[in-house]
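Novice: Structure below; questions to follow.
The values are calculated or read from the model by the stated rules, or taken from the named source; none is laboratory data. Fair warning: this is a prediction, and the values are worked out from it, not measured in the lab. We place every Cβ from the backbone using ideal geometry, glycine too, and count neighbours over all the protein chains shown. SASA here: full protein model, heavy atoms, side chains in, ligands and nucleic acids out. Shrake-Rupley method; radii C 1.70, N 1.55, O 1.52, S 1.80 Å.
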Amino acid sequence: MVGVTGGIAAYKTVQVVRLLVKAGHDVHVIPTEDALRFVGLPTWEAISRHPVTTSVHDDVARVRHVALGQAADLVIVAPATANTLAKMTAGLADDLLGTTLLATTAPVVVAPAMHTEMWRHPATEHNMATLRSRGVIVVGPEEGELTGGDSGPGRMSEPEAIVEAALAAVSAEGSDLGGLRVVVSAGGTREPIDPVRYIGNRSSGRQGVAVALAAAERGADVVLVAAHVDDGVLDAASALPRVRVVRAGTAAELGAAVEAQAATADVIVMAAAVADYRVAEVSPLKRSKESAPVGGVTLDLIENDDILAGLVRGRRGGQTIVGFAAETPGDGETLLDRGRRKAARKGADLLAVNEVGWSKGFESADNAVTIIDAGGEVVAARRGSKQDVAAALWDAVLAVRESQAKTK
Ligand code: CTP
């Protein structure tokens, strides 16, 4: 839940909401009436993809004035004006944001923005001390140029810093992956044909990045080895201190990057769509039709190493290895049959099997997976956002690690 109050910095909060939505979070925006003078309702609705209202009298049947606060996992107020901070301190609830803030038990993060004099006023200082003593997390304000040409502390922190602090606040709440070192590969590799062409695939990287973010939010230290991903998909991951992003282009580069991390990893998740073949002879110059046979050309392809199978072969004690299998079932075979055969072939501890097709699985925000163990047993099934799927995957990883620790 993002509360927006009446300050010029509200325009920067659009980016806060955008980063959160891109990272797969379900974001409801509650502006104050005043906030709408700076950024209008349609912008908040479009960017959050949810209806937006300021009034406690809308949607009364669903008790919206408390429902949003009760359902929220996290509340961010950005910008938080001196007036809103004073109202929060006093517990005033004369608008939807006020009732929501009183009804929530989730972590609350505020990003104050005001003129230096207001920030330094004893009333504001007293309010901030009270809010901090109640556990409210305060991000900023930064020192810098303020509206009107003044300068000093009072400028709202940058959106990336607010998102980072906010997600860290949630992860501190539930840190069941704390202390684990995790490597996640994501995106689609690209195998060059010549300097301008490649063989690629439709992976957007969304599911893999959601897996990496979910791990970081639950306390893990994450290395995200990212092949090609869609625009913006890495934004939120790059903003998190617990996620280190390593870029890779080809399957060979991705394999080398993952293997370099494997020795110290507790969990490795291969969510990347890795090309099975590469071009035998990559042309150093752009291939031209002039020098090609008339009517068509043939590309010789060589098989790439299977990174996942290699990781399983070299697995160190206590390491959990997870694969993904994107399948198009057919020829009388079910999705699960195909997944089970792949699980047997790969030997990973867990395999997340999902169905893909011309219009399934790739660009969409949603996914449906069945998670099977090395013996082909179904351990979980989840249909929902890629973030929901990531959560189910980490639950399954923890369960498998627990049972492996017991049988030792
Ligand atoms: N994978 C890998 N190295 C490869 C190919 C795939 O590590 N060279 C990994 C993927 O990251 C994924 C799993 O293996 O976790 C399954 O990938 P997928 O492409 O579905 O399987 P393939 O082994 O390529 O089998 P097939 O093409 O026959 O479906």
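Novice: If you check Val379, Val356, Val312, which single one turns out to be within 12 Å of the ligand (Cβ to nearest atom), closer than 30 Å to Val21 by Cα and surrounded by fewer than 21 Cβ atoms within 10 Å (Cβ to Cβ)?
Specialist: On inspection, the qualifying residue turns out to be Val356.
Novice: Also, I was wondering about something else. Which condition from (1) surrounded by fewer than 22 Cβ atoms within 10 Å (Cβ to Cβ); (2) over 18 Å from Ala272 (Cβ atoms) is the one that Arg345 breaks?
Specialist: With (1) surrounded by fewer than 22 Cβ atoms within 10 Å (Cβ to Cβ); (2) over 18 Å from Ala272 (Cβ atoms) applied to Arg345, the lone miss is (2).
Novice: What are the residue pairs meeting all of these: first residue in the range 267-288, first residue within 9 Å of the ligand (Cβ to nearest atom) and open to solvent by less than 90 Å² (accessible area, probe 1.4 Å), second residue of a type in the set (Ser, Thr, Tyr) and assigned to a loop (DSSP other than H, G, I, E, B), Cβ atoms under 8 Å, and 6 or more apart or on different chains?
Specialist: These pairs meet every condition: Ala272/Thr189; Ala272/Ser203; Ala273/Thr189; Ala273/Ser203; Val274/Thr189; Ala275/Thr189; Ala275/Thr250.
Novice: In addition: Given the criteria of a type in the set (Ser, Thr, Tyr), more than 15 Å from the ligand (Cβ to nearest atom) and within 18 Å of Ala392 (Cβ to Cβ), does Ser364 qualify?
Specialist: Criteria met by Ser364.
Novice: Could you say which residue among Val56, Val66 is more than 28 Å from Ala129 (Cβ to Cβ) and open to solvent by 10 Å² or more (accessible area, probe 1.4 Å)?
Specialist: Val56
Novice: So which of Gly296, Gly317 is more than 16 Å from the ligand (Cβ to nearest atom), within 30 Å of Ala405 (Cα to Cα), assigned by TED's automatic domain parsing to the domain that holds Ala186 and free of Cβ contacts under 8 Å to residues at least 40 places away in the same chain?
Specialist: Sole residue among the options that is more than 16 Å from the ligand (Cβ to nearest atom), within 30 Å of Ala405 (Cα to Cα), assigned by TED's automatic domain parsing to the domain that holds Ala186 and free of Cβ contacts under 8 Å to residues at least 40 places away in the same chain: Gly317.
Novice: Let me ask something else. At least 1 residues that are open to solvent by 60 Å² or more (accessible area, probe 1.4 Å) and of a type in the set (Ser, Thr, Tyr) in each: list the strands (runs of 3 or more DSSP E) lying fully within the range 98-217 that qualify.
Specialist: Strands (runs of 3 or more DSSP E) meeting the threshold: 151-155, 197-199.
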